[in-house]
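The values are calculated or read from the model by the stated rules, or taken from the named source; none is laboratory data. If you're wondering where the values come from, they're calculated on a predicted model, not measured in any experiment. Quick reminder, even Gly has a Cβ in these numbers, built from the backbone with ideal geometry, and neighbours come from all protein chains shown.
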Amino acid sequence: MEHNGRKAWPRELSEPLREVDRLRRSGRYAQALGRIRALAEAHPDQVRVLIELALTLGVWGRAPAEALVGFERVLELAPGHLATRFHHALMLARLGRHAEAVAGFDTAESGGFRKPLVLYMKRAESLEALDRLTEAERDWTLALAEDPGNAWLLQRRAGARARLGQVEAAIRDLSAALSSQTGDEVDAELLQARAVLRARSGDAAGARADFEAGIAALRKGDPPGLLDALRAGLRGTL
């Protein structure tokens, strides 16, 4: 029997798919890809198998173009499969086709995609790439409603707000992101970002304090060039 383009699931395929997942999670990508390719060749109309092949290529691997083709095949068989619609949009974004990606994310959202947080995040990134900053700021706000207080989300919304000229709002976001950080947890990048905005707003003393705190908060593994940027910023406030 078939339902919405999907053939009945043969139970004997369940264990091979679990094995593919075990291989992926243990870092044996080439073996996982070989197994799932063989399964897809043997069962070219099984939606679950085709989804796992596309996920292996696009999420676990670095082949978004080939994964996109796989997700398109799934959507031919099961047009209403929202997770596939989301991943199809994600592959479009990775290929730089952001306008198409946004349309795909919109379709997934309108259909009731079950993971709104990641959808808002990924759509915001594509909207920023398109310079649709007001919409991107909206999506970062929606994401924060799903995960309040998330420092990374606050930093991303601050970036969008700063580009929109909403400097004080951006500073508040960065301050909120920093508010829960103490000791070794203090993020020097957040301090540098807030320092730049404070300098932009005319708060030289606040900017200087943030640049100094950022230098003190630097840890192994911080981005190359961050120390130089902090020092240069500090010199600019003296």
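Of the residues that sit in the range 39-59 and are out of contact with any strand residue (DSSP E or B) (no Cβ under 9 Å at 6 or more places or on another chain) and over 16 Å from Pro16 (Cβ atoms), which one is surrounded by the fewest Cβ atoms within 10 Å (Cβ to Cβ)?
Taking the candidates together, the pick is Val59.
Suppose we keep only residues that are more than 12 Å from Ala83 (Cβ to Cβ) and not charged (D, E, K, R) within the range 108-119. Which one would you say is farthest from the chain's Cα centre (by Cα)?
Ser110
Show the residue pairs meeting these rules: Cβ distance below 7 Å; 6+ apart or different chains; first residue within the range 224-237 and among the polar types (S, T, N, Q) and surrounded by 16 or more Cβ atoms within 10 Å (Cβ to Cβ); second residue assigned to a helix (DSSP H, G or I) and modelled with pLDDT of 95 or more.
Thr237/Ala199; Thr237/Ala204; Thr237/Ala207; Thr237/Arg208; Thr237/Phe211
Examine the range 185-204 for a residue that is surrounded by 17 or more Cβ atoms within 10 Å (Cβ to Cβ), closer than 21 Å to Leu154 by Cα and polar (S, T, N, Q), and state whether such a residue exists.
The answer is yes; a qualifying residue exists.
What number of residues within the range 21-58 satisfy the criterion of being among the hydroxyl-bearing types (Ser, Thr, Tyr) and over 17 Å from Gly70 (Cα atoms)?
2
Are any residues in the range 182-217 in contact with a helix residue (DSSP H, G or I) (Cβ under 6 Å, 6 or more places away or on another chain), at pLDDT 95 or above and not in a helix (DSSP H, G or I), and if so, which ones?
Ser201
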